[in-house]
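Working notes, structure below.
The values are calculated or read from the model by the stated rules, or taken from the named source; none is laboratory data. Source: prediction; values computed, not measured. Every residue, glycine as well, gets a Cβ built from its backbone with ideal geometry; the counts of neighbours run over all protein chains shown.
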Amino acid sequence: MMIISDIQYKDIPKLHYSDVGTLSWEDIAHLGRVLGALWIYDYESPLSGFHAELKSGLHSDGFFNMRALLKQENIRMIFATQLLQRVLKECESRIDGIVGVPNGATALAESMATFLGIQYGKLNKDWNGENVFSLMNGMGCDPYILIVEDVCTRGTGFSQAVTTLKEAYNGAIRFVPLCPVILNRGGIHQIFVEGI
């Protein structure tokens, strides 16, 4: 197994999911720093007031640019297999398709679905910032969908994804009762979506 904390930028192309053990928060942060995908507010800076605004409307003094982190296919596959290990260990229902919360987890969901040989769907943001769903073909009636997230603070993106999919399928959809996430910043254990 490779030691993630020893990895430098030149080592990134050589990383393969089979060479990586379970990633810790420190491993993820190290990869974020190496790939320029981690921003931490500098409290010592003479410039003040620059915080990241989250989907929930809250502000944060740190930000992972997950699209930048997941841009490289081998890194995305490392995270995809990490999430799949957890899902397959905990999941008791079938999984017919996977959808990623836009925009960071869209490619992650595709990698996970491809790895499992199942369908994936795309949620995108329209020009108003609203979720727009591209229907998955060949899903049949009442598909079980797994929704994945890259970073979760309060579950806002997940809740919006569930609502959008429920509307797109006119209610004829079921959700795998898990929300695998790379970084659970909010420390939440359950997400409740009204009407689900």
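One table, with the values for the structure above:
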| item | result |
| --- | --- |
| Of all residues making up segment 138-178, the number that are part of a helix (DSSP H, G or I) and closer than 17 Å to Glu90 by Cβ | 1 |
| Qualifying residue in segment 30-51 (condition: acidic (Asp, Glu) and modelled with pLDDT of 85 or more) | no |
| Test result for Ala113, more than 24 Å from Asp142 (Cβ to Cβ) and aliphatic (A, V, I, L, M) | no |
| Residue among Ala105, Ala80, Ala161 that alone is at pLDDT 90 or above, surrounded by 18 or more Cβ atoms within 10 Å (Cβ to Cβ) and under 26 Å from Gly187 (Cα atoms) | Ala80 |
